[in-house]
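These notes are about the structure you will find just below.
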Amino acid sequence: MGQVRWGLLSTANINRRVIPAIRQSARGELTAVASRSQESADSYAQHWDIPQTFASYEAMLASDAVDAVYISLPNHLHADWTIRALQAGKHVLCEKPFALTLADVDRMIAAAQETGLVLAEAFMYRHHPQMKLVEAFVRDGRLGDISLIQSVFNFQFKSRDNIRLIPEYGGGSLWDVGIYPVSFAQFVMGGPPDWVFGFQEKGDTGVDEFFAGQLHYGHGRVTQISSSFLTPYHTRSVVVGTKGRLRMSRPFTNVEESEMVFYPDSGEPEYVDIPEEPLYLGEIEDMHAAILDGRPTYLTLAETRNHIRTVLALYESAAAGKPVFL
């Protein structure tokens with residue numbers, strides 16, 4: 001197999017970012033889309049020029065038309081459809097958040113291990129050259145000992161009619177955009193925190209529309225995160241160490257507009273050139289390397305499990321009003 005045939009499991013809005021990445025990739029082709037009705041699938045396929053359609057998710061998984069599926073369903077459906085896809089012999093790229101409980105995460109990982117198929121969480125920003133530069137700054141010691149990370153990701157809805165506001169669907173700002181700062185902290189610190197403290201403001205539907213948290217890693221290392229549905233789009237990250245700090249204006253999305261600046265402990269700021277690359281291409285190419293070459297995925301399932309574990313601890317802390325140890 002020299003090409004990976006991709007199928008889209010749903011017609012979610014986020015697909016518009018992934019479709020070009022599959023088509024830009026060297027070893028992927030988009031062959032099919034599945035929806036809950038033939039009419040919906042046909043309309044979507046016509047708009048995006050997708051060759052084959054399926055009137056149900058089950059039908060696509062039962063076919064031999066695709067090798068891998070991208071799951072962009074609402075959060076509460078990720079676990080069940082990931083497992084069903086793996087059991088049907090399809091590799092899976094599952095949109096974040098991976099699942100809403102650790103029990104579901106463990107079921108998904110077990111299904112991947114039992115089938116021997118590739119399963120990965122779709123954190124596209126982790127694969128971009130900007131994050132590889134961050135990794136080099138940390139690995140090479142240019143920042144010294146990391147003591148503080150501050151990250152924020154906010155945006156406002158154009159309409160209140162949004163699945164991100166439905167509690168049963170895994171709604172909430174922390175699950176939706178706050179999980180990016182959580183994953184970034186784990187990436188830089190090298191693992192999950194020892195304990196967390198969370199604070200949330202819930203909206204009229206019962207989900208957190210603002211969340212703030214502190215993640216403590218021991219030896220005085222702290223991450224401060226916040227996420228919100230209440231204020232205009234804003235995202236940034238700062239990593240502070242004993243030898244300087246690194247600031248990114250667009251760490252997670254719109255990276256083509258990002259400005260990365262290194263402030264050393266002495267001397268002038270250094271503006272870091274970020275190689276141009278489509279944001280979603282890296283995660284697709286990573287899947288191809290895993291499927292076709294047998295390489296491990298860059299983002300491991302152990303890391304993914306700790307993303308969910310940390311978010312759950314933050315929600316538990318916010319509900320109880322006290323620290324929660326992991």
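Bear in mind these aren't lab numbers, they're just calculated from the coordinates by the rules spelled out. None of these values were measured; they are calculated from a predicted model. Every residue, glycine among them, receives a Cβ derived from its backbone with ideal geometry; neighbour counts consider all protein chains shown.
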Subject >> Max mean-square fluctuation residue, GNM over the chain, Cα-Cα springs under 10 Å, options His78, His307, His47 >> reply: His47
Subject >> Gained length - Glu39 relative to Gln24, 0.36 nm times residue gap less alpha-carbon distance >> reply: 2.6 nm
Subject >> Top of Thr82, Thr297, Thr242 by mean-square fluctuation, Gaussian network on the chain, Cα under 10 Å >> reply: Thr242
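Excluding Ser228 itself, calculate the net charge of residues whose Cβ lies under 11 Å from the Cβ of Ser228, where each Lys or Arg counts +1 and each Asp or Glu counts -1. Please report the intermediate quantities before stating the final value.
Details: positive: none; negative: Asp176, Glu201, Asp208, Glu209.
Once all neighbours under 11 Å are counted, the net charge is -4.
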Original post:
Taking every DSSP beta bridge that has both residues in the chain, what percent is antiparallel when rounded to the nearest 5?
Top reply: 60 percent
Subject >> For region 4-122: span of alpha carbons on each principal axis (Å, largest first) >> reply: 38, 29, 25
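Here are some pairs, Lys158/Lys202; Lys132/Lys243; Lys96/Lys132; Lys132/Lys158; which of them have Cα atoms lying more than 23 Å apart in this structure? Each step should come with its number before you reach the end.
Working: Lys158/Lys202 18 Å; Lys132/Lys243 19 Å; Lys96/Lys132 20 Å; Lys132/Lys158 33 Å.
In this structure, Lys132/Lys158 lie more than 23 Å apart at Cα.
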**OP:** Show which aspartates and glutamates lie in cross-link reach of Lys322 when reach means a straight Cα distance below 19 angstrom and same-chain residues fewer than eight apart are skipped.
**Re:** Asp194, Glu201, Asp208
Subject >> Length-normalised contact order of the chain in % [C-alpha pairs under 8 Å, at least 6 apart] >> reply: 19 percent
Original post:
Whose amide H sits under 5 Å from the amide H of Arg245, counting only residues 5 or more places off or on another chain, with H placed in the peptide plane?
Top reply: Tyr263
Subject >> Structure-derived mean projected area of the Cα convex hull in nm²: which label, when the choices are (i) 16.7; (ii) 20.0; (iii) 18.8 >> reply: (i)
Original post:
Looking at Thr231, Leu30, Phe197, which one has the Cα that reaches farthest to the positive end of the dipole of the chain (charges on Cβ: Lys, Arg +1; Asp, Glu -1)?
Top reply: Phe197
**OP:** Set the Förster distance to 45 Å, then compute FRET efficiency between Ala62 and Ser159 from the Cβ-Cβ distance, nearest 0.05.
**Re:** 0.80
Subject >> Kyte-Doolittle mean at least -1.0 and Cα axial length at least 27 Å: DSSP H helices in the chain >> reply: 301-320
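Which value, in debye to the nearest 20, describes the size of the charge dipole of the chain about its Cα centre when Lys and Arg Cβ atoms bear +1, Asp and Glu Cβ atoms bear -1, and nothing else is charged? If you can, show how the numbers build up before the last one.
Working: 28 positive and 39 negative charges, 83 e Å.
That gives a dipole near 400 debye.
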Original post:
Can you give the FRET efficiency for Leu230 and Tyr271, using 1/(1 + (r/R0)^6), R0 = 41 Å, r = Cβ-Cβ distance, to the nearest 0.05?
Top reply: 0.80
Original post:
Using θ = phi - 60° and the Karplus curve 6.51 cos²θ - 1.76 cosθ + 1.60, what whole-Hz ³J(HN,Hα) does each residue of region 223-238 get, with Gly and Pro shown as x?
Top reply: 10, 10, 10, 8, 8, 7, 9, 9, 10, x, 3, 7, 8, 6, 9, 10
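Report the charge-dipole magnitude of region 4-122 in Debye, nearest 20, computed about the Cα centre from +1 at each Lys and Arg Cβ and -1 at each Asp and Glu Cβ. Mind dumping the intermediate values first?
Working: 10 positive and 13 negative charges, 58 e Å.
Charge dipole of region 4-122: 280 debye, to the nearest 20.
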Subject >> Theoretical gain in end-to-end length, Ile166 to Glu316 [0.36 nm per residue, Cα-Cα removed] >> reply: 52.1 nm
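Loop-only check: which GluC sites (Glu not before Pro) in region 234-326 are DSSP coil with at most 14 other Cβ within 10 angstrom?
Filter output for region 234-326: Glu259, Glu276.
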Original post:
Which whole-number percent gives the relative contact order of region 105-203, counting Cα pairs below 8 Å spaced six or more residues apart?
Top reply: 17 percent
Original post:
Given H placed 1.01 Å from N in the peptide plane, which residues other than close sequence neighbours of Val69 have an amide H under 5 Å from its amide H?
Top reply: Gly7, His91, Val92, Leu93
**OP:** Any chance you could list P(r) for region 91-192, counting all Cα-Cα pairs in 10 angstrom bins from zero, rounded to whole %?
**Re:** 12, 35, 33, 18, 2
**OP:** Starting at the first residue of region 194-205, write each ³J(HN,Hα) from the Karplus equation 6.51 cos²θ - 1.76 cosθ + 1.60 with θ = phi - 60°, in whole Hz, x for Gly and Pro.
**Re:** 6, 8, 9, 9, x, 9, 9, 10, 8, x, 5, 8
Subject >> Amide H partners (placed H, <5 Å) of Gly171, local residues excluded >> reply: Ile166
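Counting chymotrypsin sites (Phe, Trp or Tyr not before Pro) as exposed when in a DSSP loop with at most 15 other beta carbons within 10 Å, what is the longest stretch of the chain free of them?
Between the exposed loop sites, the longest stretch runs 1-156.
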